[in-house]
Amino acid sequence: MINPLPNLLLHIKRRLEVHLASHRRAYTIVVLSFVVKIVVFILISGNNSEQFLANDSQLYLSSARTLVSAGRYSVSPDQINIPNALRPPGYSFFLAANFLLFGENIKLVIFNQIIISLLSLGMIYCIGWKLWNKGLGQVAAALLAFDIVSFTYVFFILSETLFVFILLIFLSVGVSWLTTNEKMELRMVQGGILLGLVTLIRPITEYLYFLMLVGIAVVLIKENANKKLILWGCLLFSLSYFVLVGSWRLRNYAVTGHSQLGQIEGISILYFRAAAVIAEKENISLDESRVLIGAQNVWEKSLLEPEAGWGYQWKKEGLEILLANPIQVAVVTAKGLFSLFSSPGDGHFISFVTGNKVNETPLGDLAGLSFETFMRKWLFNQTAGFVIFAFAVGYLLTIYITAGLGFFYSLKQVNLSATIFLGGVLLYFILVTAGPEATARLRIPIMPLLALYGSVGAYFLVENFRSLLARKGMGKMPDP
């Protein structure tokens, strides 16, 4: 009897060789990113796991421990009877799964997050390939790999890395449907489930559901679908989404008497947005403003009194303040946007690497010091910090310019529905993160979308530069 195993192995080997050859550059980007992250991980880790922890890490870890030890999503093992209603459980479930499989090993969780970040590079490559071609997918992956803030937060027990990965899978499903118009039912189910997962990791996407629902209806109407198909598509997407999100709301109602997704929304509106508006209006500090509106103890109350329904009350009070002060809201939002996009993120990286909080950065000294003093302090005395700052600023300028060019070019040359889909998600994240709490960290979900458009803009610039060198003028860019 002929043994089929050698032929099967040979077939697999040939297929693998063809696959690797076809995607060689993409794999090179992923491998280089892995090497750099592993080197940093090894150098930083040592015998101490404290550098991998941030302010929010302990609550994620405590709730993960209660899931493992008691099968309950509680505040901590010592407070097992107090349900955690602050945030949805997505990231804590991820931590609990790691603990169940590998034991409570923080460093192993970080290693797994490194792998997830590499998968995110692969996902953005696939999205760029679907929309344009492999070359632009590779550029998008490279641009994302160079983001110093996304790089830094891979090494923290925080939800950003997992959130971005699932978000990219969701975007990939949406792009697949919009570029092929095939398998509508499957894509609606996949999209609903993935958006539900993303929302359970970080509830910042809770209202993205409504934007997507409108988008689905518009696309189907544009394709001259009948009313029955439009309703069917929206229903499939909604049911798939609410299987997860609705289930969690039911859980919260069962244990707290309130069906809100998490009290973090009320905190965000009152503690951050409304407090900033009052601080702007009364010309006082944020801390003084929080005392004035009674928001100074929201974190403790949300954790220790989940049955009180504070989240609803804080949301109501915060919205009343925002609606009553539209001018201050506009000012605070503008300041938040500026902070969101102007913070280079060098301080985040240096704080992580050194283990010490950075109180001074080159950006903070630009306006306060003379040129000579600035150069002496940073270029000559703190050269490493200046180089990291220059790299971060150069990267941001590059991606902002190329992404802007890429977006406007895509409106004319690429699938319009897919471009609007990605642009709509980008705008949504910008609007919901543009508050007084906006820092470089909150820019992380935006960066993959900027990288996608940046790849098109970079191609546009390179091709036109080549045309200029060839004395053919700044003509129309060849189709990618």
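Would you point out the residue of segment 117-129, among those that are more than 23 Å from Tyr60 (Cβ to Cβ) and under 15 Å from the mean Cα position of the chain (by Cα), that is surrounded by the fewest Cβ atoms within 10 Å (Cβ to Cβ)? Among residues in segment 117-129 that are more than 23 Å from Tyr60 (Cβ to Cβ) and under 15 Å from the mean Cα position of the chain (by Cα), the one surrounded by the fewest Cβ atoms within 10 Å (Cβ to Cβ) is Met123. Elements of the type helices (runs of 4 or more DSSP H) sitting completely within segment 156-274 and holding at least 2 residues that are open to solvent by 10 Å² or more (accessible area, probe 1.4 Å) and within 30 Å of Pro326 (Cα to Cα): these cover 208-222, 264-267.
Criterion applied to Lys37, Lys107 was being closer than 18 Å to Phe352 by Cα, open to solvent by 20 Å² or more (accessible area, probe 1.4 Å) and outside any loop (DSSP other than H, G, I, E, B), and the one residue passing it is Lys107. Of the candidates Phe151, Phe111, the single residue that is over 19 Å from Ser238 (Cα atoms), touching a Ser or Thr at 6+ places or on another chain (Cβ under 9 Å) and in contact (Cβ under 8 Å) with a residue 12 or more places away in the chain is Phe151. With respect to the conditions (1) farther than 18 Å from Leu442 by Cα; (2) touching a helix residue (DSSP H, G or I) at 6+ places or on another chain (Cβ under 6 Å); (3) open to solvent by less than 40 Å² (accessible area, probe 1.4 Å); (4) modelled with pLDDT under 90, Trp314 falls short on a single one, namely (4). If you go through segment 130-142 and pick out every residue that is out of contact with any Leu (no Cβ under 8 Å at 6 or more places or on another chain), open to solvent by 20 Å² or more (accessible area, probe 1.4 Å) and in a helix (DSSP H, G or I), you end up with 6. Scanning segment 40-72 for residues that are surrounded by 12 or more Cβ atoms within 10 Å (Cβ to Cβ) and under 20 Å from Ile148 (Cα atoms) turns up Val40, Phe41, Ile44, Ser45, Gln51, Phe52, Leu53, Ala54. Answer yes if at least one residue in segment 335-342 is at pLDDT below 90, closer than 30 Å to Thr398 by Cβ, exposed (fewer than 15 other Cβ atoms within 10 Å of the Cβ) and aromatic (Phe, Trp, Tyr), and no otherwise. Taking every residue of segment 335-342 in turn, none turns out to be at pLDDT below 90, closer than 30 Å to Thr398 by Cβ, exposed (fewer than 15 other Cβ atoms within 10 Å of the Cβ) and aromatic (Phe, Trp, Tyr). Looking only at segment 450-466, count every residue that is over 22 Å from the mean Cα position of the chain (by Cα) and of a type outside the set (Lys, Arg) and tell me the total. Looking only at that region, the number is 8.
Within segment 223-236, residues that are at pLDDT 90 or above sit with their Cβ atoms under 8 Å from residues that are assigned to a helix (DSSP H, G or I) and open to solvent by 80 Å² or more (accessible area, probe 1.4 Å), at 6+ positions apart or across chains, in these pairs: Ile230/Ile221; Trp232/Glu185; Gly233/Glu185; Leu236/Glu185.
The values are calculated or read from the model by the stated rules, or taken from the named source; none is laboratory data. Keep in mind the model is a prediction, meaning the values are calculated, not measured. Reconstructed Cβ throughout: ideal geometry from the backbone, glycine too, with neighbour counts over all protein chains shown. SASA here: full protein model, heavy atoms, side chains in, ligands and nucleic acids out. Shrake-Rupley method; radii C 1.70, N 1.55, O 1.52, S 1.80 Å.
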